[in-house]
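Visitor: Mind having a look at this structure? Questions to follow.
No lab work stands behind these numbers, since they all come straight from the coordinates. This structure is a prediction, so every number in the text was calculated from the model and none was measured. Cβ placement follows ideal geometry from the backbone for every residue including glycine, while neighbour counts extend to all protein chains displayed.
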Amino acid sequence: MLDSKTKLIALLGHPVEHSIGPVMHNVAFNETGLNFVYIAFDTTHLKIALTAMRSLNFRGYSVTIPHKQKIVELLDRVDPLAAKILAVNTVVNENGLLVGYNTDSDAALNALKEKISLSGKRVALLGAGGAARAIAFGLQKEEAATTIFNRTFEKARSLAKAVGCEYSQFEKLESFKSEIIINATSVGMSPKSASSPVDKKVLKNKPLVFDVVYTPLETVLLKQAKVAGCETISGLEMFVGQGAEQFKLWTGQEAPREVMREVVERELGK
Ligand code: ATR
């Protein structure tokens with residue numbers, strides 16, 4: 001039941017109509033009996049949205065494409081990791097002070113750490129866009145030995161310099177002895193879901209394979225990895241993980257992760 005005490009959370013993005021965030025978070029609020037509601041706003045007016053947040057007393061925002069970078073300079077405070085990543089996906093309104101966080105990074109790193117210790121591990125990180133950037137800084141914090149491979153070499157170089165890790169040409173991936181391969185490119189994402197970012201030869205030493213893409217739930221890369229006998233982590237873990245971290249930041253309570261995972265799986269299966 002919504003009433004005068006209901007706390008508001010808004011998704012800000014453009015477009016937002018295919019977002020699973022509203023269903024995932026509203027089910028989570030319902031499950032925990034919290035008087036919160038999560039609504040999607042398709043907006044390109046970021047500054048106005050932040051003014052609204054203060055004056056209408058929204059408790060928090062979830063921020064998505066194309067606002068994650070631009071919002072950083074509009075907030076009152078930005079968490080140090082989000083400041084390094086230069087992207088915010090979560091805002092908390094602390095009594096009028098707007099504080100930004102990036103929960104993508106921790107979500108990816110936690111999904112990995114549940115399977116493997118990262119310190120000193122040789123990681124091939126594919127991609128140099130927003131997702132790769134969030135993961136690269138997280139890997140550096142965990143002291144993994146990361147090498148960035150990206151279609152556009154210059155972007156791999158520039159991200160690696162910012163993070164302080166290695167970079168290399170995509171063609172050299174096959175001879176790179178990786179213990180972990182992370183796909184942070186959009187290759188394999190629906191509607192172009194028939195492709196993989198790597199040739200199956202790259203998987204011959206059985207690295208742990210983590211695909212950030214979660215539509216479809218089982219990408220071609222994950223299928224290749226299973227056939228090759230690799231352990232795998234799907235993008236679902238990161239998606240649910242970033243949502244669970246957001247839930248905690250807004251409510252101060254642990255998120256009902258399993259319920260959130262079920263909802264996301266069901267929605268993606270539709
Ligand atoms: P996101 O925020 O999801 O990371 P992004 O910032 O647009 O999205 O980055 C997309 C990443 O996927 C980039 O690393 C991009 O490589 P380029 O820097 O060369 O553009 C990568 N990517 C997209 N399509 C690709 C393709 N067909 N082959 C290889 N890499 C691709």
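Visitor: For Q169 and S55 in one chain, what is 0.36 nm times their gap in residues minus the Cα-Cα distance, to one decimal in nm?
Guide: Values: separation 114, 0.36 × 114 = 41.04 nm, distance 4.93 nm.
Stretched fully, the Q169-S55 segment lengthens by 36.1 nm.
Visitor: Provide the FRET efficiency to the nearest 0.05 for the N205-L81 pair, computing r from the beta carbons and using R0 = 25 Å.
Guide: Numbers: r = 31 Å, r/R0 = 1.24.
Efficiency, rounded to the nearest 0.05: 0.20.
Visitor: Right, another one. So in the chain, what percent of DSSP beta bridges are antiparallel if you round to the nearest 5? Please report the intermediate quantities before stating the final value.
Guide: On the way: 8 of 39 bridges.
Among the beta bridges of the chain, antiparallel pairing accounts for roughly 20 percent.
Visitor: Please state, rounded to one decimal and in Å, the Kirkwood hydrodynamic radius that segment 199-270 gives when every pair of distinct Cα atoms enters the mean of 1/r.
Guide: Working: mean 1/r = 0.0747 Å⁻¹.
Computed over Cα pairs of segment 199-270, the Kirkwood hydrodynamic radius comes out at 13.4 Å.
Visitor: Take the alpha carbon atoms of segment 154-233, find their center, do the same for segment 1-17, and report the distance between the two centers in whole angstrom.
Guide: When both Cα centres are located, 35 Å separates them.
Visitor: Using only alpha carbon pairs under 8 Å that are at least six residues apart, calculate the relative contact order of the chain and give it in whole percent.
Guide: Working: 536 pairs, mean separation 42.2, N = 270.
Answer for the chain is 16 percent.
Visitor: To continue, here is another question. Only sites in a loop by DSSP and with at most 10 other Cβ atoms within 10 Å count here; which chymotrypsin sites (Phe, Trp or Tyr not before Pro) in segment 199-270 make the cut? Before the final figure, lay out the partial values.
Guide: On the way: sites: F210, Y214, F239, F247, W250; in loops: Y214.
Within segment 199-270, no chymotrypsin sites (Phe, Trp or Tyr not before Pro) qualify (loop, at most 10 other Cβ atoms within 10 Å).
Visitor: Sticking with this structure for a sec: With a 10 Å radius around each residue's Cβ, average the other Cβ atoms per peptide and rank 228-238, 152-162, highest first. Present the calculation step by step, with values, prior to reporting the outcome.
Guide: Values: 228-238: 19.5, 152-162: 16.0.
So the order, starting with the most tightly packed, is 228-238, 152-162.
Visitor: Could you give the nm distance between label points at N95 and L34, where each point is 7 Å from its Cα heading toward the beta carbon?
Guide: 2.0 nm
Visitor: Would you mind computing, in nm to one decimal, how far apart the modelled labels at E262 and T215 are, each placed 7 Å from Cα along Cα→Cβ?
Guide: Placing both labels 7 Å beyond Cα along the Cβ direction yields 2.4 nm.
Visitor: Determine, for each peptide in 3-10, 98-105, 18-25, the mean count of other beta carbons within 10 angstrom over its residues, then list the peptides with the highest first.
Guide: Values: 3-10: 14.2, 98-105: 24.5, 18-25: 18.4.
Ranked by mean Cβ neighbours within 10 Å, highest first: 98-105, 18-25, 3-10.
Visitor: As a test of the formula, what do you get for the chain when each DSSP H run with n ≥ 4 contributes -39,500 (n - 2.57) and the sum is divided by the residue count, at 222 nm and rounded to the nearest 500 deg cm²/dmol? It would help to have the intermediate numbers written out before the result.
Guide: Numbers: 9 runs with 100 residues, N = 270.
Result for the chain: -11000 deg cm²/dmol, rounded to the nearest 500.
Visitor: Give me the mean projected area, in nm² to one decimal, of the convex hull enclosing the Cα positions of the chain. Let's see the in-between values first.
Guide: On the way: hull surface 55.8 nm².
Hull-based average projected area comes out at 14.0 nm².
Visitor: Over all directions, how big on average is the projection of the convex hull of the alpha-carbon atoms in segment 105-233, in square nanometres? Intermediate values should be presented prior to the final figure.
Guide: Numbers: hull surface 27.0 nm².
In nm², the orientation-averaged hull projection of segment 105-233 is 6.8.
Visitor: What number, in percent, do you get for the relative contact order of segment 105-233 if the mean sequence gap of Cα pairs under 8 Å and at least 6 apart is divided by its residue count?
Guide: Values: 249 pairs, mean separation 28.1, N = 129.
22 percent.
Visitor: To the nearest 0.05, what FRET efficiency results for S195 and S4 with a Förster distance of 41 Å applied to their C-beta separation? Intermediate results must be reported in sequence, preceding the final value.
Guide: Details: r = 51 Å, r/R0 = 1.24.
The calculated FRET efficiency here is 0.20.
Visitor: Order these by the 10 Å Cβ neighbour count, fewest first: E245, E143.
Guide: Details: E245 21, E143 12.
So the ranking, lowest neighbour count to highest, is E143, E245.
Visitor: Then there is this: Add +1 for every Lys or Arg and -1 for every Asp or Glu among the other residues with Cβ under 11 Å from the Cβ of K68, and state the total.
Guide: Details: positive: K70, R133; negative: D104.
With Lys, Arg at +1 and Asp, Glu at -1, the net is +1.
Visitor: Rank by packing, highest mean first: peptides 80-90, 198-208, with packing defined as the count of other Cβ atoms within 10 Å averaged across residues.
Guide: Numbers: 80-90: 21.1, 198-208: 16.2.
Most protected by this proxy first, the peptides run 80-90, 198-208.
Visitor: For the chain, with only Lys/Arg (+1) and Asp/Glu (-1) charged at the beta-carbon, what is the dipole magnitude about the Cα centre, in debye rounded to 20? Don't skip to the end; give the middle numbers.
Guide: Numbers: 33 positive and 29 negative charges, 134 e Å.
Charge dipole of the chain: 640 debye, to the nearest 20.
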